[in-house]
1. For the Cα atoms of the chain, what angle does the longest principal axis make with the long axis of helix 66-122, in degrees from 0 to 90, nearest 10?
2. Using a Gaussian network model of the chain whose springs link C-alpha atoms within less than 10 Å, name the residue from Glu93, Glu59, Glu106 with the highest mean-square fluctuation.
3. Shape of region 1-109 from its Cα gyration tensor (a ≥ b ≥ c, root eigenvalues): rounded if a/c is under 1.5, otherwise prolate when a/b > b/c, or oblate?
4. Specify the angular offset, from 0 to 90 degrees and rounded to the nearest 10, of the alpha carbon long axis of helix 51-61 from the longest principal axis of the alpha carbons in the chain.
5. Taking the Cα centroid of region 11-54 and of region 96-111, what is the distance between the two, rounded to the nearest whole Å?
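Each reported figure results from applying straightforward, stated rules to the coordinates on display, with no laboratory input. Computed from a predicted structure; not experimentally measured.
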Amino acid sequence: MSGRAQLFVLIIAVLTLAAILWLVRRGSLKERFALLWLAIGGGVFVLVLVRPWLDRLSEELGIRSGTTTLFLAAIIFLLGLILHLSVIISTLEEKVRDLAEAVALETAAREERDQELRGRSSE
């Protein structure tokens, strides 16, 4: 990778890290996910600095290009991220269902109390 390309990727990584910190300070991004994104930004930063290591690893694995190894690692990481987010969505779905049931029961109980009060007041 040329010096200009490395500098460009480093600038993108630093801007990404800054954006993540800004989103956390605003409260738009929860700390739980901020750590994940900070790790991704830091990983990109480190990968630019250790590019020769990535190329050697690729050769050891029988892969012609370090870029291909990087894309393979990114795809595996993204699959793991999708699995993690699916678990979170499933958990939240259960919580929403439980809350909807609780609200329905509360609404039914309130309506029943209101009907009893109306029946008593009309007598």
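1. On a 0 to 90 degree scale, this one is about 10.
2. The residue with the greatest mean-square fluctuation here is Glu106.
3. On the way: a/c = 5.61, a/b = 2.13, b/c = 2.63.
Cα axes put region 1-109 in the oblate bin.
4. 90
5. 42
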